[in-house]
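Peer 1: I am attaching a structure below and will ask some questions about it afterwards.
Any read-out appearing in this document is the output of simple, stated calculations on the displayed coordinates, not a laboratory observation. In this text the structure is predicted, and so the values were computed from the model without any measurement. Glycine gets a Cβ as well: all are built from the backbone with ideal geometry, and neighbour counts include every protein chain shown.
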Amino acid sequence: MALAEIFHPNNSDAEELADTQTPSTCTFLDSQEIQTPKQAWGKLYPTIIRLKTVDLIERQFFLGRSKECDVSLTSDNFNPNCLKTISKTHFLITHDENDETVYITDLSKNGTFINETQIGRGKKTILQNDDEIAVGGKKVKVYIYKPVGKSEDTYLPTELRREYEVSKKLGEGGCGEVRLLFRKNDCKEFAVKRILKSKTESGKSLNSLTRIHNEIAILKTVSHPNILSTIKTAETDEAVFMVLEYMNGGSLQERIRFSEKLPERIAKLIFYQILIGVQYLHLRGITHRDLKPENILLKTDNEETLVKIADFGLSKLIVNSTVMTTTCGTPNFLAPEIIDNRYQKYTQEVDIWSLGVILFYMLSGQLPFQSDSLHYLFRLILSGEYSMDETLWCLISNDAKDLVKHMLVVDPEKRIKISDILSHPWITNDSSIKRNAEDLINLHVDKDDPPNEDGLPEAKRARLD
Ligand code: AMP
């Protein structure tokens with residue numbers, strides 16, 4: 001289709017688009033053609049809570065401020081502050097029935113973006129599975145597009161496919177990839193972690209069956225607002241699937257990398273929530289063993305956000321005096337006793353060390369122990385020697401520095417205990433922290449959520465006591 005048909009070159013401002021640009025009056029609309037298609041050829045899944053899923057059935061679909069559009073953005077369904085950046089007819093999606101190609105045409109003044117790249121006014125691009133559509137700004141996402149009948153139908157096992165639609169890749173960890181999921185009945189977002197089963201049962205591979213089942217078993221026993229919920233699990237011959245609650249704000253690693261380091265107040269709010277989660281695990285005899293910023297997930301992009309601990313892939317249930325002797329973890333955050341084989345056993349104190357490294361990293365944007373050589377990195381960790389660069393640490397409170405020093409103690413027996421961290425002045429001097437953390441939990445409690453498969457509420461109502 002020629003662009004001239006849908007975009008008049010004399011219209012220098014999309015706000016000024018004549019009514020002929022609207023769906024009901026565009027010359028290329030053939031009313032007979034509109035009535036013919038019966039089945040949806042695509043779907044738009046909303047990323048904004050007040051928008052509804054759209055079944056793309058007609059040959060053309062318009063979105064904009066105009067009431068004539070198929071989806072009209074108003075202050076009722078869209079952020080009123082962003083509404084002024086939306087053109088009357090903002091974009092058009094067209095379906096070519098001959099070759100099944102789907103195009104999106106940017107008709108706007110402030111831009112239509114596909115996966116954060118601007119299409120360009122008057123230009124069109126092919127719309128593909130899992131493309132994110134944003135309007136007026138690259139971060140103002142409104143929909144994710146999915147073709148019907150062509151999607152990765154076989155990605156999920158049947159029991160999950162009935163309930164969920166799989167979408168874009170969110171990330172990749174040591175055990176497998178993580179993708180976005182939409183629950184079909186209400187379009188609520190979830191994440192699914194797919195862990196391919198390894199062929200051997202040697203236990204050496206990250207994703208050995210024992211390890212996978214270990215992770216699942218642990219996840220099913222935990223229920224805390226600062227621990228990532230597992231909603232469902234399913235298994236095929238090749239893989240294990242875990243449906244997880246969706247954390248829209250990415251990982252702590254991405255947040256620190258993006259802002260280089262965190263303001264002390266924000267670092268404290270995040271650290272407090274991680275502490276509460278770890279305390280909960282330790283009280284149940286669970287040591288995480290792989291605490292690192294990639295495994296700390298954030299609920300939103302907001303500076304103050306709910307934080308959850310994820311990925312128990314390397315942890316192991318320990319009961320009372322049972323100790324862990326398996327060497328695992330991520331080098332920079334590893335405790336000395338895991339590296340040093342003179343220590344025959346190690347316990348929950350390994351998590352305190354990792355928390356110390358995380359706190360150091362959040363406050364300064366640097367790692368206390370860092371080297372390209374694994375050998376030298378281990379030597380640094382074993383020596384427990386690190387420095388606090390004055391240019392990075394001069395504005396950090398003495399209490400924060402003191403706490404870091406008490407956590408990064410090589411001898412696990414002399415390392416600060418979690419209860420002492422919680423009563424350390426850096427935490428207790430700020431009475432707003434606990435309240436803020438509880439407010440964040442309450443903000444995200446979804447009362448309509450069904451219980452998970454073990455009957456636990458999906459968003460837990462636990463308080464931080
Ligand atoms: P993992 O395998 O748990 O280390 O996850 C790898 C990456 O996938 C993380 O660093 C996140 O960026 C992303 N991710 C994992 N779980 C979720 C989730 N529940 N919600 C959103 N993103 C996630």
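Peer 1: Quote to one decimal, in nm, the extra length available between Asp411 and Ile48 on full extension: 0.36 nm per residue of separation minus the C-alpha distance between them.
Peer 2: Stretched fully, the Asp411-Ile48 segment lengthens by 125.7 nm.
Peer 1: If a/c stays under 1.5 just call it rounded; otherwise compare a/b with b/c (prolate if a/b is bigger, oblate if not). Do that for the stretch 32-180, with a ≥ b ≥ c from the square roots of the Cα gyration tensor eigenvalues.
Peer 2: oblate
Peer 1: May I pose another question? With the crude spin-label approximation of a point 7 Å out along Cα→Cβ, what separation in nm comes out for Arg284 versus Cys394?
Peer 2: It is 4.6 nm.
Peer 1: Once both labels are modelled 7 Å past Cα along the beta-carbon direction, what's the Leu367-Leu443 spacing in nm?
Peer 2: Those two pseudo-labels are separated by 3.1 nm.
Peer 1: Something else about it: I need the shape label for the stretch 254-297. Rule: rounded when a/c is under 1.5, else prolate if a/b > b/c, else oblate, with a, b, c from the alpha carbon gyration tensor.
Peer 2: It is oblate, given that a/c is not under 1.5 and a/b is not larger than b/c.
Peer 1: Cβ neighbours within 10 Å, averaged per peptide: list 129-139, 435-445, 282-292 in order, most packed at the top.
Peer 2: In decreasing order of mean packing, 129-139, 435-445, 282-292 become 282-292, 129-139, 435-445.
Peer 1: Which entries in the list Lys139/Lys232; Lys123/Lys261; Lys139/Lys169 go over 28 Å, if you measure between the two C-alpha atoms of each?
Peer 2: As for pairs spanning more than 28 Å Cα to Cα, those are Lys139/Lys232; Lys123/Lys261.
Peer 1: At 0.36 nm per residue, and after removing the present C-alpha to C-alpha distance, how many nm does the segment from Lys139 to Leu209 gain when stretched out fully?
Peer 2: Result for the pair: 21.3 nm of gain on full extension.
Peer 1: At Lys401 and Glu100, where each label point lies 7 Å from the Cα along Cα→Cβ, what is the point-to-point distance in nanometres?
Peer 2: 6.5
Peer 1: By the scheme Lys and Arg +1, Asp and Glu -1, what is the net charge of all other residues having a beta-carbon under 12 Å from that of Pro425?
Peer 2: -2
Peer 1: Peptides 357-363, 54-60, 417-423: what's the order by average Cβ count within 10 Å, highest mean first?
Peer 2: Order by mean packing, descending: 357-363, 54-60, 417-423.
Peer 1: Measure up Lys84/Lys188; Lys193/Lys308; Lys43/Lys138 against 24 Å on the Cα-Cα distance and list the ones that go over.
Peer 2: The pairs that break the limit, which is 24 Å between Cα atoms, are Lys84/Lys188.
Peer 1: What's the extension gain from Tyr376 to Lys168 if we count 0.36 nm per residue and subtract their Cα-Cα distance?
Peer 2: Here the answer is 71.0 nm.
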